[in-house]
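Report on the following structure.
Derivation of every value follows stated rules applied to the coordinates shown; laboratory data play no part. Quick caveat, the model's predicted, so the values are computed rather than measured. FYI the Cβ positions are ideal-geometry reconstructions off the backbone, even for glycines, and counts take in every protein chain you see.
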Amino acid sequence: MQGLEGVVAAETVLSEVDGQNGRLIIRGHAVEELARHATAESAAHLLLNGFFSDLPNDIGAFARAIGEARQEAFSLLSPQLQGIASLPPVEALRAGLTLLADGNDLATAIRLLAAPAVLTPAIIRLQRGETALAPDPSAGQAADMLRMLTGITPSAASTGALNAYLATVSDHGLNASTFTARVVASTLAGLGSAAVAALSALKGPLHGGAPGPVLDMLKEIGEPDAAEAWLSGALARGERLMGFGHRIYKVRDPRADALKAAIGRLSGVEARTDRLALAERVEAAALAILRQHKPDRALETNVEFYTAVLLDALHFPADSFTCVFAVGRMAGWLAHAREQELTGRLMRPQSRYVGPAVKEAA
Ligand code: ACO
């Protein structure tokens with residue numbers, strides 16, 4: 001009850017999370033298919049289709065509109081970048097998104113898809129003491145993000161891996177951040193307000209804040225042979241192993257394997273895949289230890305575990321992982337926000353009062 005387990009709070013055409021069988025369907029497509037073939041733009045188009053009467057049918061036109069919006073976001077936000085980059089990356093992204101004009105139209109949605117892809121690499125570069133790089137509106141969202149991050153035109157393999165990631169995380173039922181987006185959207189506050197609220201929910205360590213700690217864990221373990229002792233020690237201290245366990249999945253999270261396959265397809269000089277072998281050994285050790293530690297619970301690998309390995313391979317720093325998650329999940333937040341807005345119904349549940357009774361006057 002405290003976590004609303006099993007409560008159905010919305011009807012959606014957007015995604016189905018089948019936790020018993022480890023399947024994720026996003027608008028009629030298995031997540032494994034999207035991970036192999038979709039781009040950030042095609043996944044967003046799939047999710048937003050039918051929610052805006054002026055959404056271009058052509059994905060190329062939609063991608064160009066997002067590219068132009070990246071350029072506009074860079075011009076608008078450049079003067080503020082230095083100030084917000086003093087904050088931790090996810091807080092800086094949150095601050096950046098609040099500077100955008102709000103609304104309920106397609107232009108607002110496109111601005112919100114574009115801005116995090118500009119802000120994330122800009123914040124990372126400024127925090128490293130480098131200058132922020134301007135977007136290329138003619139590039140795809142994933143390729144442009146990688147170039148704005150590293151200053152180098154990325155390989156097709158790196159672009160493909162980031163597209164696989166962004167499509168894989170684009171939507172996932174009524175998770176905490178998407179629920180938040182729907183609640184805010186139901187008040188007709190605007191898509192920007194829904195997105196900022198959703199990002200605020202995402203950043204918590206029990207939700208989208210986990211992959212940074214996963215990478216910290218892999219770095220601390222360092223050697224495959226050190227995994228078992230490190231993991232047992234963490235559990236003995238009462239800590240949770242980041243990247244494992246899920247409220248809905250009682251079997252392996254299908255996104256973990258989709259991302260692991262994407263890492264396997266990565267190659268080229270600019271990608272760093274050396275942590276994959278360590279991650280596989282740590283995962284195997286963690287699953288074995290969790291089975292002993294909680295034999296009555298099905299604690300399996302979740303999406304965050306291989307998110308950490310993939311984004312590290314693409315040179316995103318650990319403290320920016322939640323921002324990259326938000327770049328992909330923005331499509332789902334916006335689609336759910338629009339779906340909720342179009343119901344025309346304010347979300348207003350009830351609580352049961354269990355506090356003290358009114359004291360009768362003596
Ligand atoms: N490591 C160790 N123990 C765990 C873990 C874990 N990763 N996950 C759950 N448990 C234990 C809990 O301590 C609890 O034990 P108890 O019954 O003795 O109190 C039991 O398993 C069930 O825990 P719940 O919190 O009820 O499980 P729930 O399904 O609500 O939690 C959650 C899901 C929050 C994801 C949890 O598994 C967790 O904290 N995982 C680590 C953080 C993480 O990876 N988050 C990313 C999730 S994916 C996403 O949001 C994008």
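A few remarks follow.
- The range 301-362: C-alpha gyration tensor shape, a/c 1.5 cut-off, then a/b vs b/c: oblate
- Projected over all directions and averaged, the alpha-carbon convex hull of the range 164-307 occupies 9.8 nm².
- Expressed in units of 2.2 N^0.38 Å, where N is the residue count, the Cα radius of gyration of the range 15-154 is 1.13.
- Debye-sum result for the chain in log10 I(q)/I(0), which assumes one identical scatterer on each alpha carbon, at q = 0.14 Å⁻¹: -1.16
- Qualifying trypsin sites (Lys or Arg not before Pro) in the range 218-310, where qualification requires a DSSP coil assignment and no more than 13 other C-beta atoms within 10 Å, comprise ARG237, ARG272, ARG297.
- Look at THR159, THR307 and count the other Cβ atoms within 10 Å of each Cβ; fewest to most, that gives THR159, THR307.
- Per residue, the convex hull spanned by the alpha carbons of the range 97-228 comes to 152 Å³.
- Low-density loop positions, chymotrypsin sites (Phe, Trp or Tyr not before Pro), the range 255-362 - DSSP coil, at most 10 other Cβ in 10 Å: TYR353
- Partner lysines whose Cα lies under 19 Å from the Cα of LYS219, excluding those fewer than 8 positions away in the same chain, are identified as LYS260.
- The ranking of THR131, THR150, THR301 from fewest to most other beta carbons within 10 Å of each one's beta carbon is THR131, THR150, THR301.
- Of SER232, SER42, SER320, the one that fluctuates the most in a GNM where the chain has Cα springs shorter than 10 Å: SER232
- An ellipsoid equivalent to the range 1-91, defined through the eigenvalues of its Cα gyration tensor, has semi-axes of 31, 23, 14 Å when rounded to whole angstrom and sorted largest first.
- Calculated mean residue ellipticity, 222 nm, the chain: -18500 deg cm²/dmol, from DSSP H runs (n ≥ 4) at -39500 (n - 2.57) each, averaged per residue and rounded to 500.
- Prolate/oblate/rounded call for the range 70-132, Cα gyration tensor, a/c under 1.5 rounded: prolate
- Where N is the number of residues in the range 227-333, Cα Rg divided by 2.2 N^0.38 Å: 1.12
- GNM remark for the chain: springs join alpha carbons under 10 Å apart, and the peak mean-square fluctuation among VAL303, VAL251, VAL31 falls on VAL251.
- Residue with peak Gaussian network fluctuation, the chain [Cα springs, cutoff 10 Å], from ASP319, ASP296, ASP105: ASP296
- Per the Kirkwood formula applied to alpha carbons, the range 35-83 shows a radius of gyration over Rh ratio, Rg over Rh, of 1.10.
- Least to most buried among ASP225, ASP171 (fewest other Cβ within 10 Å first): ASP225, ASP171
- Karplus 3J(HN,Hα) series, Hz, for the range 237-245 with 6.51 cos²θ - 1.76 cosθ + 1.60 (x for Gly, Pro): 7, x, 7, 8, 7, 5, x, 10, x
- Cα→Cβ-extended label distance, 7 Å offset, between LEU342 and ALA30, nm: 2.8 nm
- Gain on full stretching of the segment that runs from ILE152 to SER86 - 0.36 nm per residue minus C-alpha separation: 21.3 nm
- Computed from the C-beta positions of HIS315 and LYS250, the FRET efficiency with R₀ = 35 Å rounds to 0.50.
- Ranked by how many other beta carbons lie within 10 Å on average, peptides 177-183, 95-101 from highest: 177-183, 95-101
- Taken as entire DSSP H runs, the helices of the chain that both span 20 Å or more between Cα atoms along their own long axis and average 0.5 or more on the Kyte-Doolittle scale are 106-127.
- Relative to the Cα centre, the charge distribution of the chain, modelled as +1 at Lys and Arg Cβ and -1 at Asp and Glu Cβ, gives a dipole magnitude of about 580 debye.
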